[in-house]
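Take a look at the structure below.
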Amino acid sequence: DTNTAAKDEL
Amino acid sequence: MTLFRLAGDLSHVLAILLLLYKIWTTKSAAGISGKTQLMFCMVYVTRYLDLFTSFISVYNSTMKVLFISASVATVYLIYFKFKATYDGNHDTFRMEFVIVPALILALIWNYAFTFFEISWAFSIFLEAVAILPQLFMVTKTGEAENITSHYLFALGSYRALYILNWIDRYYFEGHWDPIAVTAGIVQTVLYGDFFYLYFTRVIKGRKLQVLP
C-alpha cells in the first residue's frame, strides 16, 4: 500500500 | 515524523559532514575506504530517483539533495583531489561481493517489479552492507583515527535510531516496512563490534585499536 506510493523516510 | 527519526537523520547528516570535514581539513583521505563511499553514493542515487517524480516535503527533498551532493563531493575528494593520500592498498574488500547479492535480492524481494521499486530495494540492501569495506579496512590496519571513529559512530547510530522510529511507528501508526526494517537491523548489527570498541576505548580518550 503506502510502501509503493510515497516513501517519506530517507 | 517521530523524534527518533529526526535524531536519526541528524546523526546521518552529522556523520556525512564529519567525514567531509576530516578529509577537507587534513587534506587527506587516509584511513577512509573509497569503496564504502562509492557504494554510499550508489545508495543515494538509486534510492532518490523519485526526487523529481514525487514530492513529499521540503525537509525530505532538502535531505535527499544534501545526501547526494555530499556523497558525490566525498567520492571526488577521495578519488580525485586527495587521491595521493588514499590508502587504496588497504581498501581491498571486493565490492562485487555485496553489490551483486544486493541486486539479486532486490530482484527477488521488492514491493513491485518496477524499475523504481527494484532500484529502491537495491539501495536499501546495499546500504545495509556498504560499510563493510570501511570496517574491513579498520580491522586490517588495526586502528582508526578518532574522527573516523566519531564518523562511524554517528553513521551506526543513524540506523539504530531508525529502528526505534520503526517500533514507534508500528505501535502508533500501524506502519511497517519489512524491507527497510530487515535491512536496517542487519545494518545496525554490523556495527556491533565497532560500538563496543567505541565505548570501551574512544570514549575513554584512547585511540580505537583492533586487537590482532
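Has the range B:124-144 got any residue that is among the hydroxyl-bearing types (Ser, Thr, Tyr), free of Cβ contacts under 8 Å to residues at least 12 places away in the same chain, surrounded by fewer than 17 Cβ atoms within 10 Å (Cβ to Cβ) and out of contact with any Leu (no Cβ under 6 Å at 6 or more places or on another chain)? No, the conditions are met nowhere in the range B:124-144. Can you find even one residue in the range B:75-83 that is outside any loop (DSSP other than H, G, I, E, B) and either within 13 Å of the chain's Cα centre (by Cα) or among the polar types (S, T, N, Q) (or both)? No, the range B:75-83 has no match at all. Within the range B:32-55, can you find the residues that are farther than 20 Å from residue B:118 by Cβ and either among the small types (Gly, Ala, Ser) or surrounded by fewer than 21 Cβ atoms within 10 Å (Cβ to Cβ) (or both)? The answer is B:33, B:34, B:38, B:55.
Of everything in the range B:176-212, what is closer than 27 Å to residue B:108 by Cβ and in contact with a Phe, Trp or Tyr (Cβ under 8 Å, 6 or more places away or on another chain)? Give them in sequence order. Selection gives B:176, B:177, B:179, B:180, B:181, B:183, B:184. Each residue in the range B:162-186 was checked for being under 18 Å from residue A:7 (Cβ atoms) and either of a type outside the set (D, E, K, R) or away from chain A (no Cβ under 11 Å) (or both), and 16 of them qualify.
Kindly establish whether residue B:65 is in contact with a Cys (Cβ under 7 Å, 6 or more places away or on another chain) and of a type in the set (A, V, I, L, M, F, W, C). Judged against the criteria, residue B:65 is not a match.
Output the residues belonging to the range B:190-212 that are surrounded by 13 or more Cβ atoms within 10 Å (Cβ to Cβ) and either among the charged types (D, E, K, R) or part of a helix (DSSP H, G or I) (or both). Matches in the range B:190-212: B:190, B:193, B:194, B:195, B:197, B:198, B:201, B:202. In this structure, is residue B:40 more than 11 Å from chain A (Cβ to nearest Cβ), in a helix (DSSP H, G or I) and over 17 Å from the mean Cα position of the chain (by Cα)? Against the criterion (more than 11 Å from chain A (Cβ to nearest Cβ), in a helix (DSSP H, G or I) and over 17 Å from the mean Cα position of the chain (by Cα)), residue B:40 does not qualify.
Select from the range B:3-27 the residues that are polar (S, T, N, Q) and surrounded by fewer than 18 Cβ atoms within 10 Å (Cβ to Cβ) and list them in ascending order. Across the range B:3-27, the qualifying residues are B:25, B:26. Residue count for the range B:135-161 under the criterion of being out of contact with any helix residue (DSSP H, G or I) (no Cβ under 9 Å at 6 or more places or on another chain) and within 14 Å of chain A (Cβ to nearest Cβ): the result is 0.
Looking at the structure I just gave you, is residue B:65 within 14 Å of chain A (Cβ to nearest Cβ) and over 18 Å from the mean Cα position of the chain (by Cα)? No: the conditions fail for residue B:65. Annotation: residue B:97 fulfils all but one of (1) more than 14 Å from every other protein chain (Cβ to nearest Cβ); (2) in contact (Cβ under 8 Å) with a residue 40 or more places away in the chain; (3) part of a helix (DSSP H, G or I); (4) among the aromatic types (Phe, Trp, Tyr); the unmet one is (2). Scanning for something assigned to a helix (DSSP H, G or I) and closer than 17 Å to residue B:40 by Cα, does the range B:160-175 turn up at least one residue? No; the residues of the range B:160-175 include none that is assigned to a helix (DSSP H, G or I) and closer than 17 Å to residue B:40 by Cα.
Every number in this text was worked out from the coordinates using simple rules, so none of it is lab data. All values reported here derive from a predicted model rather than from experimental measurement. Every residue, glycine as well, gets a Cβ built from its backbone with ideal geometry; the counts of neighbours run over all protein chains shown.
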